[in-house]
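Q: My questions all concern the structure below.
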Amino acid sequence: MRLVADIGGTNTRLAFVSPDATQIGSSRSFQNAQFDSFESVLAAFLGDAPSPEQLVVAMAGPVVGNRGRLTNLDWVVDGSELSARFDGASVHVINDLTALGYAALRLAPNQVVPIVKHPAPQSLQKQALVVGIGTGFNVSPVVSVRDQTICPAVEAGHTSMFTSISTALDQIAPDLSAAFPTVEALFSGRGRRLFLSHVTGQEVARVTPFIAKQGQADNAAADAALDHYARLIGVLIAELKVAYLPTDGVFLAGGVARSSLTGNRAEICAQEAMRENAFVKITPSISIIDDDAAALIGCAALG
C-alpha cells in the first residue's frame, strides 16, 4: 500500500495511491491545530488500515537529510523514524514546493489557471519552473527526460534582489529598494505587507481586505499599490525565465501569488513577464496552480 501526504501550515491532506502511481484515491484533510504531531494525523487517517509499504510526505518547511520541520508548528517529520514505525517502509520527506515541481508537468488543464498561453517546443528534455510565493519564497526547477524527472533543491529566496526589480521599486518611491534587499524580502507574505505599508503610507497588517475591496472608491491607494505588486511579480518572472529556461512552463504557487493576480492583475503581470531579454529569447506559458491536491500528485510521481 502506498500513501502520500501534504502537510501545509493549516491542514494536512492524505491519500492512498495506486501501485502504478497513476491514480490518487479520495484525499482526506485534517486541521493541524487538532493534532500534536504528524504521526497522530497518520493514525487518525489509517485507523484499522494496514501499514503503508511506501510513504511520501511533502511539508511546508525546510527538509534536510529526509527530515523536516514545519515552518509555523513545532512538528518534526523524520523519515527514518517513520520507516521504523511502519516496519521498514520506504519513506521520503520532501519540501512541498519540490512536490509541486514533480507535479507540474503532470497537471491537467483544469488544474491550472493560464496567464500566458504558449506552446512548448518539441524536445527530448523538458524544463519547467515552479515559483512559490507564499509565507516565504523559493523555486523548484523541473527537468524531465523521457520518464525521469528531477527537481533539484535550490534556495532562491535569500539571493540578492534583481537590479531590474530594485530599479522598478525606486521608480515607485525614492529609495524604496532599500527595504527589500533580497528576493524573499519582497515576494512573500511579510514582503507584500511591508510593500503595501510603504506605498500607501499606512500600517498594513493584512492584505486580503484590500484585495477584496478592489475597485471601490476608498481603496484607490491600495489598488494602485497592488497593481504595482502584480507588475513586480511579472518583472521577477522575466528574470527567472532567463535564469532557468523553463521552456515547458512557469507555474506559480502559494497564497500570495494566487491572491495577487486576481482580475486584471494577471494581465498586468503577464505584460512584464513576457518582455524580451536582449540575449535570450524565451516565451514560456505561465500558469497558476489551482488544485489543492497538486502536491499529492507530485508525491505520487516521486514514489
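Q: Can you give the calculated 222 nm mean residue ellipticity of the chain, where each DSSP H run of n ≥ 4 adds -39,500 (n - 2.57) and the sum is split over every residue, rounded to the nearest 500 deg cm²/dmol?
A: -10000 deg cm²/dmol
Q: To continue, here is another question. So how compact is the chain: Cα radius of gyration and Dmax in angstrom?
A: Answer for the chain, Rg first and Dmax second: 20.0, 62 Å.
Q: Direction-averaged shadow area of the convex hull around the Cα atoms of the stretch 43-181, nm²? Working shown, then result.
A: Values: hull surface 50.1 nm².
If I average the Cα hull's projected area over directions, I get 12.5 nm².
Q: Further question: Roughly how big is the chain's charge dipole about its Cα centre, with Cβ charges of +1 (Lys, Arg) and -1 (Asp, Glu), in debye to the nearest 20? Each step should come with its number before you reach the end.
A: Working: 21 positive and 28 negative charges, 101 e Å.
About 480 debye.
Q: Picking from 191, 109, 270, whose Cα lies most toward the positive end of the charge dipole for the chain (charges on Cβ: Lys, Arg +1; Asp, Glu -1)?
A: 270
Q: Looking only at 101, 234, 88, which one moves most when the chain is put into a Gaussian network model with springs between Cα atoms under 10 Å?
A: 88
Q: Would you mind getting the Kirkwood hydrodynamic radius of the stretch 118-284 from its Cα pairs, rounded to one decimal in Å? Each step should come with its number before you reach the end.
A: Details: mean 1/r = 0.0604 Å⁻¹.
For the stretch 118-284, inverting the mean 1/r across all distinct Cα pairs yields 16.5 Å.
Q: Okay, moving on. Over the chain, what is the relative contact order in percent, taking alpha-carbon pairs closer than 8 angstrom and at least six residues apart? Could the numbers behind the result be given before it?
A: On the way: 592 pairs, mean separation 65.4, N = 303.
Dividing the mean separation by the residue count of the chain yields 22 percent.
Q: Could you point to the residue in 182, 129, 207 farthest towards the positive end of the stretch 118-284's charge dipole, with +1 and -1 charges on the Cβ of Lys/Arg and Asp/Glu respectively?
A: Projecting each Cα onto the dipole axis, the largest value belongs to 129.
Q: Shifting gears a bit: At most 13 other Cβ atoms within 10 Å and a DSSP loop assignment: could you name the trypsin sites (Lys or Arg not before Pro) in the stretch 137-205 that fit?
A: Numbers: sites: 146, 190, 192, 193; in loops: 146.
Filter output for the stretch 137-205: 146.
Q: If you don't mind, there's one more thing I want to ask. For every other residue with a beta carbon closer than 15 angstrom to the beta carbon of residue 286, add +1 if it is Lys or Arg and -1 if Asp or Glu, then tell me the sum. Before the final figure, lay out the partial values.
A: On the way: positive: 117, 231, 241, 258, 265, 275; negative: 239, 248, 267, 272, 276, 290.
Surrounding charge for residue 286 is 0.
Q: Give the order of 206, 85 when sorted by the count of other beta carbons within 10 angstrom, beginning with the fewest. Walk me through the numbers before you get to the answer.
A: Details: 206 10, 85 16.
The order, fewest Cβ neighbours first, is 206, 85.
Q: In debye, nearest 20: dipole of the stretch 118-284 around its Cα centre with unit charges on the Cβ of K, R (+) and D, E (-)? All intermediate terms of the calculation are to be shown ahead of the outcome.
A: Working: 13 positive and 14 negative charges, 67 e Å.
Using Cβ point charges on Lys, Arg, Asp and Glu, the stretch 118-284 gives about 320 debye.
Q: If the cut-off is 25 Å between C-alpha atoms, which lysines fall inside it for residue 281, apart from same-chain ones fewer than 8 positions away?
A: 117, 126, 241
Q: For each of 218, 248, count neighbouring Cβ atoms within 10 Å of the residue's Cβ, then give the residues from fewest to most. Kindly include the intermediate steps, with their values, before the conclusion.
A: Values: 218 7, 248 22.
Ranking 218, 248 by Cβ neighbours within 10 Å, fewest first, gives 218, 248.
Q: Tell me, 258, 275 in order of fewest to most beta-carbon neighbours within 10 Å?
A: Details: 258 16, 275 12.
Least to most surrounded, the residues fall as 275, 258.
Q: Local charge sum around residue 172 (other residues, Cβ-Cβ under 15 Å, Lys/Arg +1, Asp/Glu -1)?
A: Details: positive: 192, 231; negative: 170, 175, 223, 227, 272.
Summing Lys/Arg as +1 and Asp/Glu as -1 gives -3.
Q: Could you give the size of the charge dipole of the stretch 158-226 about its Cα centre, using +1 on the Cβ of each K and R and -1 on the Cβ of each D and E, expressed in debye and rounded to the nearest 20?
A: Numbers: 5 positive and 6 negative charges, 50 e Å.
Once rounded to the nearest 20, the dipole reads 240 debye.
Q: Excluding residue 75 itself, what net charge comes from residues whose Cβ is under 10 Å from its Cβ, given Lys and Arg +1 and Asp and Glu -1? Display every interim value, and only then the final one.
A: Details: positive: 69; negative: 36, 39, 74.
Net local charge, residue 75 excluded: -2.
Bear in mind that the values in this text are calculations on the coordinates, not laboratory data. Nothing here was measured: the structure is a model prediction, and the numbers come from that model. Because the Cβ atoms are built from the backbone with ideal geometry, glycine has one as well, and the counts that use them run over all protein chains shown.
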